[in-house]
1. Viscosity 0.692 mPa s, temperature 37 °C: Stokes-Einstein D of region 9-130 from its Kirkwood Cα radius, in µm² per second?
2. List every residue whose amide H lies under 5 Å from the amide H of T35, counting only residues 5 or more places away in sequence or on a different chain, with H placed 1.01 Å from N in the peptide plane.
3. About the Cα centre of region 134-202, how large is the charge dipole given +1 on each Lys and Arg Cβ and -1 on each Asp and Glu Cβ? Please answer in debye to the nearest 20.
4. Of the residues V81, V157, V94, which exhibits the maximal mean-square fluctuation in a Gaussian network model of the chain defined by a 10 Å Cα contact cut-off?
5. Based on the Cα atoms of region 76-116, what semi-axes does the equivalent ellipsoid have, where each is the square root of 5 times one gyration tensor eigenvalue, given in whole Å with the largest first?
6. Using the Karplus curve 6.51 cos²θ - 1.76 cosθ + 1.60 with θ = phi - 60°, work out ³J(HN,Hα) for each residue of region 29-36 in order, rounded to whole Hz, and write x for Gly and Pro.
7. Where the convex hull is taken over the Cα atoms of the chain, what is its projected area averaged over directions, in nm²?
8. Pull out the extension gain between D116 and R99, defined as 0.36 nm times the separation in residues minus the alpha carbon to alpha carbon distance; nm, one decimal.
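What follows is calculated from the coordinates using simple rules that are stated; it is not laboratory data. Note that the coordinates shown come from a computational prediction; the quantities given were computed from them, not determined experimentally. Please note: Cβ atoms are built from the backbone with ideal geometry, for glycine as well, and neighbour counts cover all protein chains shown.
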Amino acid sequence: MIDRNTVPVAVIDDDAATREAIVVVLDSIGIAAHTFESAQDFLAAPEAPSYRCLVMDIRMPGLSGIEAHRRMKEMGIATPVIFITGHGDIEMAVEAMKRGAADFLTKPFRDQVLIDTVQAVLSADAARAAQPGGQHAASRHRLEQLTPREREILVQVAGGRRSKQIAADLGITVKTVDEYRSRILGKMQVGSSSELAAVAATLGLLPPGP
């Protein structure tokens with residue numbers, strides 16, 4: 001699991017030169033980024049929900065940016081997306097914005113345009129978190145995106161139970177529990193079981209202490 005404040009941006013593009021160029025530009029102003037060469041790789045990463053901003057090509061082999069954005073919503077990943085588009089994809093990008101994308105950049109774009117757009121998204125994210133109850137509301141929203149089984153396992157993990165104990169209770173394998181645990185940490189945007197416990201406590205999911 002990444003530290004979402006240290007590495008807030010993910011860059012998803014099948015072109016290695018484009019990925020590297022974006023990382024260099026963002027690094028020049030102190031914004032760290034991780035890269036993925038396909039949308040499939042990004043969606044399969046346990047840390048996928050932890051990023052605060054995605055810069056994603058709209059047209060890629062395999063899973064397109066548009067389809068990836070749709071699947072993100074299904075998975076409960078609400079990270080703002082800035083699409084990178086060719087001139088022929090502008091209509092597609094506008095439609096994506098109507099469906100919730102944050103913005104789009106038309107190739108070739110200037111470095112300063114990229115910087116301004118990413119900074120605007122990160123600033124908006126920080127402003128939402130700083131609002132009274134912002135963090136609690138965000139955690140409640142993430143909780144609502146979990147499946148019933150994920151919520152069940154979340155409570156047990158947050159309560160300090162080991163994977164072996166949870167597996168025995170639910171009649172599943174330890175490996176399956178660990179996979180659930182990783183997915184839950186990602187969806188709730190926390191880096192450890194102790195952080196998950198703290199969030200669960202604020203949401204009233206754990207019984208009061210003695």
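1. 231
2. Correct list: V11.
3. That gives a dipole near 60 debye.
4. V94
5. Three semi-axes, in Å: 18, 14, 6.
6. Each residue's phi maps through the Karplus curve to give 10, x, 9, 7, 9, 9, 10, 9 Hz.
7. 12.8
8. Gain on extension, D116 to R99, equals 3.9 nm.
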